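Structure, as structure tokens:
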Amino acid sequence: MSSNPSQGFGTRAIHAGQAPDPSTGAICVPIYQTSTFVQKSPGVVVEEYDYSRAANPTRKAFEDNIASLEQGKHGLAFSSGVAATGVVLHLLSAGDHVVLCDDVYGGTNRLFHHVFAQLGIEITLVDMTDLEATKGAFKPNTKLVWAETPTNPTLKIIDIEAVSALAKSHGAIMAVDNTFCSPYLQNPLTLGADIVCHSTTKYIGGHSDAIGGVLITSDDELYKRMKFIQLSEGAVPGIQECFLFLRSTKTLHIRMERHCENAMKVARHLEAHPKVDRVVYPGLESHPQHDIAKKQMHGFGGMVTIYLKGGLDESRAMLEKVRIFALAESLGGVESLIEHPAIMTHASVPADQRAKLGITDNLIRLSVGIEDIDDIIADLDQAIG
């Protein structure tokens, strides 16, 4: 019972990194609930296991599994998505410059501008759907390009291959936050990226019951540097969380297919709704980067952004009426979630930046779950009125 890179996604999701336990034959990787490991002699350890902050067999199984799914060589797991992001930023030194896509998760924006900028990291925001503007954002000291695609919450699609080529031509590391897609829908490493980041809290976990993050790379030197930071900072996930994420990757491909199917139906339905001003979904022909999405994604995801007709009052009324959708931050769970980015997930983004991005009072972000589609649409209709 093993896997290799030539096997299909579903096979690797279930088997990669997850050989049966050699001592018992248990088909699920055990929860190694231990902080330390006994050594046969001082410094003589079994594989790399001496202390669970450094490595743990349950975590290692998850890291190997997610690396396989992203078609990468190395995986590293963390206690949250922003903890993983912070490790990438720790590859930089004071005076280094980052090109950052302008529409990112609010927590990412906060981490870059209110934590690492204070340590001497210079940041330039740019709309990475505009390649000429992106070219102009590079400086002689640019060391990192950070892209998120689809972006959060306006769902812009960045051409990973094109921006990765720009990063390479300037000697910069290219990192892609792939959270909205999951490894099933998009593999940035195959498009030229050096590092892929996920909040595993979202689609990889998929059940709204665990918080975590991962980094994946095929670059041995980058892996060694990030592994050292993981060991030194210690922002590693609990072993229970690693077990839950391994449980969840086994069904990732099945869940993502249903998320995509439901989201497309929701997008098309709301596109024709008289009280909806605009729908943004990469699978719609009306999306400005629809052709790029078709080129680099294997499906269009479960996230839909809508602009209601009206303003904050209309948005608040809708959000207070939903019954199947849960009004909550986060996304990617089996249940449908709905939120108001300007007040909730992106409240920490400066108001002028939100306005420039189009994160307005009538913008609503939907994480379409895997419930029966007729019930999802009926709930939206009754809430919108």
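Values in this text are rule-based calculations from the coordinates and carry no lab data. Note that this is a predicted model, so its numbers are computed, not measured. No Cβ is skipped: glycine too gets one built from the backbone with ideal geometry, and neighbour counts run over all protein chains shown.
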- For the stretch 1-105, report the translational diffusion coefficient in µm²/s to the nearest whole number, using Stokes-Einstein at 4 °C, 1.567 mPa s, and a Kirkwood Rh over Cα pairs. 79
- Rank H15, S164, L312 by how far each Cα sits towards the positive end of the charge dipole of the chain (+1 on Lys, Arg Cβ; -1 on Asp, Glu Cβ) and give me just the farthest. H15
- Task: Pull out the extension gain between R110 and T34, defined as 0.36 nm times the separation in residues minus the alpha carbon to alpha carbon distance; nm, one decimal.
- Result: 24.0 nm
- Query: Taking one equal scatterer on every alpha-carbon of the stretch 252-384, how large is log10 of I(q)/I(0) by Debye at q = 0.10, 0.11 1/Å?
  - Reply: -0.30, -0.36
- Item | Simple label model, 7 Å out from Cα along Cβ direction - S41 to A351, nm | 6.9
- Message: Residue by residue through the stretch 60-77, what is 3J(HN,Hα) from phi via Karplus (6.51 cos²θ - 1.76 cosθ + 1.60, θ = phi - 60°)? Round to whole Hz and write x for glycine and proline.
- Response: 4, 4, 5, 4, 5, 5, 6, 5, 4, 5, 8, 6, x, 9, 10, x, 9, 9
- Item | Amide H within-cut-off set for G212, under 5 Å, with H built and near neighbours excluded | G81, T200, T201
- Message: What are the ³J(HN,Hα) couplings of the stretch 107-122, residue after residue, when phi is run through the Karplus curve with 6.51, -1.76, 1.60 and θ = phi - 60°? Round to Hz, x for glycine and proline.
- Response: x, 5, 4, 5, 4, 5, 8, 10, 10, 7, 4, 5, 9, x, 8, 8
- Query: Whole number please: convex hull volume per residue of the Cα set in the stretch 146-255, in Å³?
  - Reply: 115
- Message: Less than 12 Å Cβ to Cβ from L191, Lys/Arg counted +1 and Asp/Glu -1: what total charge do the surrounding residues give?
- Response: -2
- Message: Between 0 and 90 degrees, rounded to the nearest ten: what's the tilt of helix 220-233 against the longest Cα principal axis of the chain?
- Response: 90
- DSSP bridge pairs, the chain: antiparallel proportion in percent, nearest 5: 55
- Query: So which of K135/K227; K143/K224; K227/K295; K143/K295; K143/K356; K139/K295 end up more than 24 Å apart, counting from Cα to Cα?
  - Reply: K135/K227; K227/K295; K143/K295; K143/K356; K139/K295
- For the chain, modelled as a GNM with alpha-carbon contacts under 10 angstrom, which of I204, I123, I343 fluctuates the most? I343
- Extended-chain gain in nm, criterion 0.36 nm per residue less alpha-carbon gap, L91 and E271: 60.5 nm
- Compute the whole-percent fraction of alpha carbon pairs in the stretch 55-143 spaced more than 20 Å apart. 48
- Using the eigenvalues of the Cα gyration tensor, what equivalent ellipsoid semi-axes result for the chain when each is taken as the square root of five times the eigenvalue, whole Å, largest first? 34, 26, 18
- Query: Picking from G333, G43, G301, which is most flexible by a Gaussian network model of the chain using Cα springs under 10 Å?
  - Reply: G43
- Task: Give me the distance between the Cα centres of the stretch 339-376 and the stretch 125-163, rounded to whole Å.
- Result: 21
- Query: In debye, nearest 20: dipole of the stretch 9-249 around its Cα centre with unit charges on the Cβ of K, R (+) and D, E (-)?
  - Reply: 420
- Message: So if each residue of separation counts as 0.36 nm, and I subtract the Cα-Cα distance between F228 and N4, what length gain in nm does that give?
- Response: 77.9 nm
- Query: Under the Karplus relation 6.51 cos²θ - 1.76 cosθ + 1.60, θ = phi - 60°, what is the ordered set of whole-Hz ³J(HN,Hα) values for the stretch 376-381, x standing for Gly and Pro?
  - Reply: 4, 5, 4, 5, 5, 4
- Would you mind telling me which residue in G310, G238, G106 has the biggest mean-square fluctuation in a Gaussian network model of the chain, where springs connect alpha carbons within a distance under 10 angstrom? G310
